[in-house]
1. Could you identify the single residue in Glu251, Glu199, Glu259 that is within 30 Å of Arg338 (Cβ to Cβ), at pLDDT below 95 and of a type outside the set (A, V, I, L, M)?
2. Name every residue in segment 229-287 that is among the aliphatic types (A, V, I, L, M), more than 30 Å from Thr157 (Cα to Cα) and in contact with a Lys or Arg (Cβ under 8 Å, 6 or more places away or on another chain), in order of residue number.
3. Can you pull out the residues in segment 205-260 that are aliphatic (A, V, I, L, M), under 19 Å from Gly144 (Cα atoms) and either assigned to a helix (DSSP H, G or I) or in contact with a strand residue (DSSP E or B) (Cβ under 7 Å, 6 or more places away or on another chain) (or both)?
4. Take the residues of segment 262-283 that are at pLDDT 95 or above and among the small types (Gly, Ala, Ser): which is farthest from Leu315 (Cα to Cα)?
5. Just to verify a result, which residue in segment 25-57, among those that are part of a helix (DSSP H, G or I) and exposed (fewer than 14 other Cβ atoms within 10 Å of the Cβ), is nearest to the chain's Cα centre (by Cα)?
6. I'd like to know if segment 360-370 contains one or more residues that are of a type in the set (A, V, I, L, M, F, W, C) and not in a helix (DSSP H, G or I).
7. Go through segment 147-194 and give me each residue that's over 24 Å from Ser211 (Cα atoms) and either small (Gly, Ala, Ser) or touching a Ser or Thr at 6+ places or on another chain (Cβ under 7 Å) (or both).
8. Against the definition (under 30 Å from Leu264 (Cβ atoms) and part of a loop (DSSP other than H, G, I, E, B)), how does Met188 come out, yes or no?
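The values are calculated or read from the model by the stated rules, or taken from the named source; none is laboratory data. Just so you know, these numbers come straight off a predicted model, no measurement behind them. Every residue, glycine as well, gets a Cβ built from its backbone with ideal geometry; the counts of neighbours run over all protein chains shown.
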Amino acid sequence: MGYFGAIPMTIPPPSVLDPAEASLIDGVPDAPAVFLIHAQQGAPYLARTALLRRRLRRLLKPPASPSRFLRLGAVARRVEYWLTHSSLEALLLHYELARIHFPDQYASLLKLRPPVFVCLLMANRFPRTVVTTRLTGGPSVYFGPFRTRAAAEEFETRMLDLFQLRRCQEDLAPSPDHPGCIYGEMGMCLRPCQLIVGEEEYASEAARVASFLHTRGQSMLSLVRASRDRFSQELRFEDAAREHKRLEKVEAVLRLRDELAADLDRLYGVAITRSAQPSSVTLWFVTAGVFTGPRSFSYAAAGESVSLDRRLRELAAGVQPAQAVARRRAEHLALLSRWYYSSWRDGEWLSFDSLETIPYRRLVHAIHRMAAL
């Protein structure tokens with residue numbers, strides 16, 4: 001069984017119960033778990049719970065008088081369960097089991113909500129942005145995921161105020177007789193529709209937007225800061241003040257960026273959660289928005305000459321970027337967003353741009369914080 005689609009991991013073997021042996025339920029841990037109740041006929045019942053023993057007792061009670069509670073005691077044939085040690089582990093294991101047992105329904109059963117992105121359509125003759133939940137191939141730049149569509153739309157609108165990219169959604173047929181729009185009249189668009197600029201000049205502006213998204217705004221911030229500082233050194237204080245206001249405007253836009261939002265091809269990170277092993281944590285690496293499977297890491301001293309930093313580097317060297325089709329990638333991002341933006345998140349998240357830029361010092365500190373819990 002694949003743990004995360006194409007990732008060569010295996011789901012741990014389950015613990016198994018016979019529902020006919022009611023006394024066995026008393027020995028089940030009252031702990032978080034994902035479980036399957038196989039029926040004599042039909043599809044199994046799949047769920048996750050924070051209190052396994054209590055949930056099984058209620059579900060496996062023999063049917064009595066009409067009740068609003070689900071009773072499976074009369075039809076249950078076998079119970080399989082997997083104890084989980086973090087909400088992220090439970091979420092991902094629940095997802096993988098749903099894919100196996102309900103291949104045509106798992107998305108609706110899990111209520112997977114597609115993540116929202118701001119997309120720069122670079123394949124368009126005159127690139128434009130759009131807020132979307134669909135991932136496709138091609139040279140488009142996807143920036144996200146955002147908490148909500150409203151948050152993505154607000155970021156898109158404020159970001160476009162920094163550039164002169166078109167905001168119309170039509171397929172342009174440039175002509176001097178094109179009526180244009182209010183943004184062109186306000187100097188907030190290069191007006192390619194009216195042939196004010198050619199494709200090459202417009203493509204240069206689109207490239208600036210792509211760079212802004214690739215670098216999470218740092219490309220523009222560094223240029224504006226350098227310009228402001230140069231004007232200050234040249235005693236051109238009015239120009240420096242103008243650039244400072246421009247800097248504040250860019251920073252205000254970046255504050256609208258949700259914490260996970262990044263260029264999707266550079267959405268790398270690692271979640272640090274509790275582990276079943278003593279003196280250990282579980283590391284869940286994400287590469288380009290796709291989970292690569294769990295890795296247990298012991299923070300116990302392995303010898304005075306081997307530091308945590310070095311051992312982490314050795315572990316990370318074995319992480320290979322995951323490959324997934326667009327649908328699977330979107331599902332992994334939906335799961336990551338659900339965990340990260342939830343009120344029940346019980347781990348730490350550390351983001352970076354690639355496996356070569358992992359901030360190991362910060363990762364060591366995050367592991368120490370998890371160990372102290």
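1. The match here is Glu259.
2. Val281, Leu283 - these are the residues of segment 229-287 that are among the aliphatic types (A, V, I, L, M), more than 30 Å from Thr157 (Cα to Cα) and in contact with a Lys or Arg (Cβ under 8 Å, 6 or more places away or on another chain).
3. Ala206, Ala207, Val209, Ala210, Leu213, Met220, Val250, Ala252, Val253, Leu254, Leu260
4. Filtering first and then ranking leaves Ala262.
5. Arg54
6. no
7. Ala173, Ser175, Gly180
8. Yes.
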